[in-house]
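We did not get these values from a lab; they are worked out from the coordinates using the rules stated. All values derive from a computational prediction rather than experimental measurement. Because the Cβ atoms are built from the backbone with ideal geometry, glycine has one as well, and the counts that use them run over all protein chains shown.
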Amino acid sequence: MDGSDAAALTDDVGFLLSRASGLVVRASNASLAGHGLRVRSYSVLLLAADSVEGVSQRELADVLGLDPSQVVLLVDELVTAGLVERRPSPTDRRTRLVVATDAGRVARARAGVDVDATLTRQLAELTAGEQLLLRELLTRLVAGGRAAVRV
């Protein structure tokens, strides 16, 4: 591949987003491995641990942009590990809420320290202001993308 091919890719925002995501996910998975987690399972645990009442699998699928069947498998893994449990919703008999166990809250806190340190290293090339701007822009892209999918 010559330099013009590489230049074409670096002009492609989709490629850059995908590449940056891959780098962060691989580094995060490496830091989570010692906790028995990966990015997706950690994301489920984080949402469950940060929700007082718990979160439905449907909500998890929506927030994470995953197929509900994928969420079921992630929750099953976390249940087996003793990090979350499924509880009946007090407002809808058909809905089960995913709630972090005490062990899950501890695991989330410990894993969060490692993930935060990994992300700090991944974003070290950016100033604090650039990191804030990046987060704001990505948040807008994700929110816009979720709205576009619903249309």
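For the pair E125 and R87, a Förster radius of 35 Å applied to the C-beta separation gives a FRET efficiency near 0.25, rounded to the nearest 0.05. What the Cβ-Cβ distance of V24 and A103 gives, at R0 = 25 Å and to the nearest 0.05, is a FRET efficiency of 0.40.
A dipole drawn for the chain from +1 and -1 charges on Cβ atoms has a positive end, and of T95, G82, F15 the residue lying farthest that way is T95. Other residues whose C-beta falls under 14 angstrom from the C-beta of G82 contribute a net charge of -1, scoring Lys and Arg +1 and Asp and Glu -1.
For the pair D11 and D62, a Förster radius of 22 Å applied to the C-beta separation gives a FRET efficiency near 0.10, rounded to the nearest 0.05. Our compactness index for the range 21-83, the C-alpha radius of gyration over the empirical 2.2 N^0.38 Å, is 1.09. Put a dot 7 Å past the Cα of L141, heading toward its Cβ, do the same for V52, and the two dots end up 3.4 nm apart. Estimated from helices alone, the mean residue ellipticity of the chain at 222 nm is -22500 deg cm²/dmol (sum of -39500 (n - 2.57) over DSSP H runs with n ≥ 4, per residue). Report the longest stretch of the chain that contains none of the trypsin sites (Lys or Arg not before Pro) sitting in a DSSP loop with at most 16 other Cβ atoms within 10 Å. That would be 95-151.
Each principal axis of the chain carries a Cα extent, and these read 57, 39, 32 Å when sorted largest first.
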